[in-house]
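To start, the structure under review is shown below, and the notes come after it.
The values are calculated or read from the model by the stated rules, or taken from the named source; none is laboratory data. Bear in mind the structure is a predicted one, so any value in this text is a computation, not a measurement. When we count neighbours, we look across all protein chains shown, and the Cβ atoms used for this are built from the backbone with ideal geometry, even at glycine.
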Amino acid sequence: MPALNHYLVLAAILFSLGLTAALTRRNAIMVLIGIELMLNAANLNFIAFWRFRPNPDEMVGIMFVLFSIAIAAAEAAIGLALIISLYRHYRTTDLDQVDALKG
Amino acid sequence: MPFKFFFYLIALFVLYSAYFVVTARNLFRSAMGLLAVLIGIAGMYLLLNAQFLSAVQVVVYIGGIVVLMVFAILLIADVTQKVFEQSPRWRQGLIGAASLLWFSLLAGSMLSYRFGAAAAAVDKSGSIREIGRALLSPAAGGYALPFEVISLLLIAALVGAVTVARADADNGEGKEGKA
Amino acid sequence: MNTVNYLGLLRLLAPETVLTITGLIVLFFDAGVMRRQSIPRRQQVAAFLLSAGAMLAIGWSRHYSLADPNSTSMLVIDPLTQLMKQVILFLTIFTALVSLESKFTPHVGEYFALLALATLGMMFLVSSVDLLMLFVSLELTSLSLYILTAFQKDKLESSEAALKYFLLGGVSAAFLLFGMSWVYGLTGETNLIRIAGQLRDRATDPVLLAAMVMMLIGLGFKIAAAPFHLWAPDVYQGAPTPSAALIASGSKVAGFFVLARMTLAGLAGAEGSGVWNGFAPGWVPVLAVLAVLSMTLGNLAAIAQTRVKRLLAYSAIAHAGYMLPALMAHNTMGTIALLYYVTTYALTMVGAFGVVAVVEQQTGSDAYDAFTGLSRRSPALAVCLLVFLLSLAGLPPFAGFFAKFYVFTAAASASTRSLGLLWLVILALAMSVVSLYYYLQLLKQAFAVDPPAGAKIIRPLPATLFTLVFLALLVLLLGALPHLLVNKLQAALVVSGL
């Protein structure tokens, strides 16, 4: 059985990679993919902590992840709807070309 | 130790896929990288005895979110396009360095705390029966309340996504047809 | 301990239930019955239904039974949460009335239903004492607000602002979730009160500090504190004006309240110290950084603006900076000051956005030029604008003055040793003087400059004008008799013990 730390380090790396993707990529869909990576890292944390807690009855970790997955799905649906609505105006999803708002 | 072997195998797979997501120069490939990461995470859930979540991960994340993304990509992006615009190199470098710093902060604080020493895993599994009971129980320790709130959230997402993505015939913006 | 059934839950959450049903009624009534009517007519009916439902919810929220703390560990219902819910519901009613003025969408039913859903999210947010509940209701609020931002589909800025809001919000939500996962790992709890109990004697764990910073990033985004403010100017400008009004008011109230709950209840014992030359790690110094950045960045950037909605956005960032010291004082006086500030500020902001909505609808722009000679073109509107802006600037006898006064005294007297947070107060006072400059510039445009030849008279709808005058009178009243609200807050706070 790998120790708890292993899972946590994996999650931390995944979170950092997701953050990098969200911040370096200039495409809106790529940013969304980065956000999904970050959310998954957090979920992995929850499950790892849940597994390694001494109390066998508690469900908190599992529940948190269940809800977070549902939220991620709703978030992705809305994000893609917004991207499509923006695409109608600009014909691009490249954030550097989307610059009507400035100041 | 088969567990350890599988852990490292899946961890390597996840990390490689995540790295692929970050560096891929094509939207579609990135989405496929995300798919691989999600499958890997589902495997991790199996290792951690959370079988139900592993299934949910596959059904909702892979069957729902990734498919949705692929649809969106096919709808709006030119998939044959090999390379898409990236930030200038200096910005990428800066953000990469910042993320690295962030990670070392996380790892540093984590290692200094030594979660591992305190935790000894007991045998437990979240069976579907237990999860279902907890999810709908209104009593203390139950999750009926957030369950109700999340149903509101899904209504909001449904109404909102349809309204926003639908092409309005009357204001002439939607030449694209139905989304 | 009595067993709680579903009916008990619904009774506990009567105001929320009423509002949920209202939202659905608005949605279906508009889609079914009103479909063939003109848009203004549909707006009136939807706004009326929503306001009636919200009033009913307000009435219901006054009759509550204190929740048995054992029965549900997710929510807390006490006088304070009910008071804040009433404030949020009033803000929603004002927002609904202000939206009558602008014609920005053919999807009337959806718009008002989402207003109700966003409000519901804020109400749950105010009540939640559990990380899970907090996260779910925060996301309900955020997702509804993203969509409300994107509602003006024929305008490109609206889509763009919504996407930026969404992407930055998504990143900050991920930070929040990751921070929560570590807090759960450290304590094994998600209930804020029990978390505080677990954390009592290990306040300076590096893991806890990292988790705390991540959660504060997530919430700092919600209250638009610098450096997580990047979305605010774009969203305030790009969103339909009524949506922006709700984002600037209700969302702000809920955001600050939940931030207060998180820090004062959940992270009690991990304050650290933010006094000059006596820093100790904890959430107070983190908030101190946010406060300094918000005050300076917000005020300095506001000077350069030429559009009123962007001006209000940067001033909102600055105001977030003024409010944070009240939280850092972490005592009863500070909490009262914070809640008084955020309530009066939200009322003022709805009013200011209402004026902008009228002017924008009739002149097609929110640039300073559109406000030229407003006092001749619509004296009533101009006077309302004067009241709101002077209150934002913090001049007596308006509510904004006492808000600032309470916050600054609470912060200055927070810690007896080494003059406490006086350094922050001094900075805030200096920045308030700067802010006076840009508010007066706009007022000069409205009052001292003659209207350009051929400028039209601006005529707001009677309902809008009534709302704005009512809000202006409220701002004056709370400024003249601040104890009306303060006494209420104090009484509620004593019972709830936040």
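The set of residues from the stretch A:21-48 being touching a residue at least 40 places away in the same chain (Cβ under 8 Å), in a helix (DSSP H, G or I) and touching a Ser or Thr at 6+ places or on another chain (Cβ under 7 Å) comprises A:A28, A:I29. Screening the candidates C:G269, C:G334, C:G364 for the property of being modelled with pLDDT under 95 and under 19 Å from the mean Cα position of the chain (by Cα) yields one hit, C:G334.
Exactly one residue among C:G188, C:G238 is within 7 Å of another protein chain (Cβ to nearest Cβ) and either closer than 23 Å to C:A291 by Cβ or in contact (Cβ under 8 Å) with a residue 24 or more places away in the chain (or both), and that residue is C:G238.
Within the stretch C:234-256, is even one residue in a loop (DSSP other than H, G, I, E, B) and touching a Pro at 6+ places or on another chain (Cβ under 6 Å)? Taking every residue of the stretch C:234-256 in turn, none turns out to be in a loop (DSSP other than H, G, I, E, B) and touching a Pro at 6+ places or on another chain (Cβ under 6 Å).
The set of residues from the stretch C:283-324 being of a type in the set (V, I, T), surrounded by fewer than 24 Cβ atoms within 10 Å (Cβ to Cβ) and without any contact (Cβ under 8 Å) to a residue 60 or more places away in the chain comprises just one member, C:V289.
A quick yes/no check of all residues on (1) under 16 Å from the mean Cα position of the chain (by Cα); (2) at pLDDT 90 or above:
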site: C:L312; (1), (2): yes, yes
site: C:Y341; (1), (2): yes, yes
site: C:T348; (1), (2): yes, yes
site: C:A352; (1), (2): yes, yes
site: C:V355; (1), (2): no, yes
site: C:L385; (1), (2): no, yes
site: C:A410; (1), (2): no, no
site: C:S415; (1), (2): no, no
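Counting the residues of the stretch B:126-145 that are more than 10 Å from chain C (Cβ to nearest Cβ), surrounded by 15 or more Cβ atoms within 10 Å (Cβ to Cβ) and either outside any helix (DSSP H, G or I) or modelled with pLDDT under 80 (or both) gives 1.
Against the definition (crowded, with 24+ Cβ neighbours inside 10 Å, of a type outside the set (V, I, T), within 10 Å of chain C (Cβ to nearest Cβ) and free of Cβ contacts under 8 Å to residues at least 24 places away in the same chain), how does A:S16 come out, yes or no? Against the criterion (crowded, with 24+ Cβ neighbours inside 10 Å, of a type outside the set (V, I, T), within 10 Å of chain C (Cβ to nearest Cβ) and free of Cβ contacts under 8 Å to residues at least 24 places away in the same chain), A:S16 does not qualify. Among residues of the stretch C:131-155 that are under 10 Å from B:A156 (Cβ atoms), those with a beta-carbon under 8 Å from a residue that is among the acidic types (D, E) at least six positions away or on a different chain give the pairs C:E139/A:E75; C:L143/A:E75.
For the stretch C:150-175, the set of residues classified as more than 7 Å from chain A (Cβ to nearest Cβ), surrounded by 24 or more Cβ atoms within 10 Å (Cβ to Cβ) and touching a Lys or Arg at 6+ places or on another chain (Cβ under 9 Å) consists of C:G169 only.
Considering only residues in the stretch C:205-232 that are of a type in the set (F, W, Y) and assigned to a helix (DSSP H, G or I), the one that is nearest to the chain's Cα centre (by Cα) turns out to be C:F221. State whether one or more residues within the stretch C:245-265 are facing another protein chain (nearest Cβ under 9 Å), crowded, with 24+ Cβ neighbours inside 10 Å and out of contact with any Ser or Thr (no Cβ under 9 Å at 6 or more places or on another chain). No: the stretch C:245-265 contains no residue that is facing another protein chain (nearest Cβ under 9 Å), crowded, with 24+ Cβ neighbours inside 10 Å and out of contact with any Ser or Thr (no Cβ under 9 Å at 6 or more places or on another chain).
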